[in-house]
Each structure stands twice: as C-alpha cells, then as structure tokens.
C-alpha cells in the first residue's frame, strides 16, 4: 500500500511535466496500455539516471494497476456466466500476456514485475468463445436472411481473428459474403436512334474496370451474369449521340521583324571607313527587315453523349435517376508559312512542324467518351446508397 502510494506521489510531483501529464491522463482514463507505451518511450529517450529511476517506478505502478483492472474485468465477466462474454474474457487475458511480453525486455534489478502464466486460460477461452460464436453464426445463417448473413459474418471474423481456420469458419465466411451481399445488374439501354457499336458497349460493360465490388455489393453485367435473383438493377440509358461537323478555321497573319544580319563598316560622309580612337575600323550591325505570311489552321470535331442512369429495385421499380452526359473533342492546330522562318515566333515555328490530321470517325469519337462515361457512372453509383 505504501509502495502504491509512493508511485502515485511521483505521478503528482511530475504532473507539470508534459510527458508525465499525458501518462497520468491515460492512467486516470483507464488507458493503461497507452500509458505503458508512453512511459517505455520516455525511458528509452532519457539519459538522466534520476529520471530513469522515476520512470521505472511509474511504469511498475501502471503495470500493477493494469493487472488489477484486467483481473477485475475477468472476474466480473466470469461471475456473470454469460457465454456472450467469452471473447471479452479472451481479449483481457490476451492484454495481460501482451503487456508481459512488452515488459520482459526492460526488466532489471530495480524494475521487477510480478509476471504470471495465463496461457491455459487464454487457450480455454479462445475455444469457448470460438464454439459459442460459431453456434450463434450457424443459427443466424439458418434463417437464410441477407442481413443475418452479414451479422454472422461479423461473429465469424471474430473467430478468425482469435482462432484462425477454426472448424468450418472460413467456408462459412465465404458463404456469408456470397449470400449477404447485394447482387446488382448493370445494363446498357439504347433509347437513341443511333447504333451502339459492340466495342463501345463491351468497354462500358467491363465491370472490373470500375472497381465497384465491395464486401456487401457485387456487380454483374450480361457478360458475367449471376445465376440467381438480383437485388437491384442499374440501367445506363443512352438518349442521343450528337456529332458536330468537321471544322477547319483559318487565321492569316503577316509577320515582319528587324534582325541583325551580319555587319558592315561605318562610313563617313565621303564614303570612307571610319576609325575609332585606336585607329581600328569601326564595324556596325547590319539590320535587315524580314517578313513571313502565316496561315494557322484549327481543326475540330466533337461527340456528345447524353444518357440517364436509373437505379431500380428487385421489382424494377425506379428508386432514383441521374443525368449523365459526356463530351469528347478532337482538336488539332498546325501552321503553314511563306517567307523567312526567322520572322516567326517560337510558337509558330513549333506549329509549322505539325500538319493536317485526318478527322476521326464518328464511332471513334463516341468510343473515346467511354472513359469519361465510366468515371461519371462510377461516381453516381458510389454516391448512391
């Protein structure tokens, strides 16, 4: 009792110190493992012998408190006798063992912990908890209800975490994932007057490219159908495909620039070469005016897709719908010139190296919308439910 009080006194003395303040706060709130980790961290950092002794005393006090707390929890849960608490008892024993393993390496002559062996109790309650949770899971699974499958999955995952591959746990986990998930069929509908080409359709129906599947949602298409009833349907209905005319806009510009083109001698009024103070001939830059005529060509063509996303229930009643539109532009700029290339800007010289590109077909432009459509469709699906 006196030793316990002394440790509390140390905590109080150092309360103004930031690390001790945090440790004390963790202890007061019952977060013993955080307090232990913080104290060990401070022990490793400090080089001051006096502080080392103080931290060791604090660590011993926190450990003793943690053991008392865990044993108190275990005692109350055992006394209750409710099998629902078997996994809680297991986790408390696991905490006790984890703390011992953490503190074994820092024990010394001053810092001696009273360790106990909890292995048999840990194993006992691992199997008690596993058996109880497995029975609960099987009972839920027997109802053949989607949401009961999901609840059973959570119990089975607890078993898997404490007792991996226990009996038929893993096969039941897979069963719950399959039967507890929503099955959703994604379909394309053509409500436009245009033909949807197969390549475009297959790209949009490549469900793996959407990364939509999650624990409780599985998406299917006509290319990978589910042999059973669907819970929801998502229809991507195309309303129209708008193709702009092929356009070439021309812009004509004339360039003129004065540049240095070599040098010449500076002459006096009599036509004689002038001399500088050292008797050398005076040379001056030869300025010439150059010019060029340019025609800049702007090619453009676009494809706009107008569609609607409809979310339907298992009876194909519309739950919600969202507009979806996408636009893809083909653009190309190139330049032709006549005259002296030195009269052009850097940008114009770069464009002069480009040339006319044949306009893409309507089908290619529509196909190039597919990535944008998939991105928008994924965003709509992710935002719903």
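Rule-based calculations on the coordinates, nothing more; no lab input. Quick caveat, the model's predicted, so the values are computed rather than measured. Every residue, glycine among them, receives a Cβ derived from its backbone with ideal geometry; neighbour counts consider all protein chains shown.
A few remarks follow.
- Spin-label model distance (nm) - residue 76 vs residue 187, 7 Å beyond Cα toward Cβ: 5.7
- Under the simplified labelling scheme, the residue 251-residue 293 pair shows an inter-label distance of 1.9 nm, with each label point 7 Å from Cα along Cα→Cβ.
- Fully extending the segment from residue 46 to residue 368 would add 109.6 nm, taking 0.36 nm per residue of separation and subtracting the current Cα-Cα distance.
- Taking every C-alpha pair closer than 8 Å and separated by at least 6 residues, the mean separation divided by the residue count of segment 55-129 gives a relative contact order of 42 percent.
- Correct choice for P(r) over Cα pairs in 10 Å bins from 0, in percent that was computed from the model, options [x] 5, 20, 22, 15, 12, 12, 9, 4, 1; [y] 4, 15, 18, 14, 8, 6, 8, 9, 8, 5, 3, 1, 0, 0; [z] 4, 14, 12, 11, 12, 12, 11, 10, 8, 4, 2, 1, 0: [z]
- Residue-normalised convex hull volume from the C-alpha trace of segment 2-114: 107 Å³ per residue.
- FRET efficiency for the residue 258 to residue 302 pair, using the beta carbon distance and R₀ = 35 Å, is estimated at 0.25.
- Sorted by Cβ density within 10 Å, fewest first, the residues 27, 73, 249: 249, 73, 27
- Per-pair calculated FRET efficiency, R0 = 41 Å: residue 28 and residue 131 via Cβ, rounded to 0.05: 0.65
- Rounded to 5, the percent of DSSP beta bridges in segment 182-240 classed as antiparallel: 10
- Using 0.36 nm per residue and subtracting the Cα-Cα separation, the extra length available between residue 110 and residue 313 on full extension is 66.2 nm.
- Extension gain from residue 283 to residue 383, taking 0.36 nm per residue of separation minus the Cα-Cα distance: 28.4 nm
- Estimated inter-spin distance, residue 208 and residue 321, nm [label 7 Å along Cα→Cβ]: 3.3
- Exposure proxy order (Cβ contacts within 10 Å, fewest to most) of 67, 288, 305: 288, 67, 305
- Adding -39500 (n - 2.57) for every DSSP H run of four residues or longer, then dividing by how many residues the chain holds, sets the calculated 222 nm ellipticity at -14500 deg cm²/dmol.
- For segment 211-311, the relative contact order works out to 41 percent when only alpha carbon pairs closer than 8 Å and six or more residues apart are counted.
- Under the criterion of Cα pairs below 8 Å and six or more residues apart, the relative contact order for the chain equals 10 percent.
- By the count of neighbouring beta-carbon atoms within 10 Å, fewest first, 103, 167, 133, 236 end up ordered 167, 103, 236, 133.
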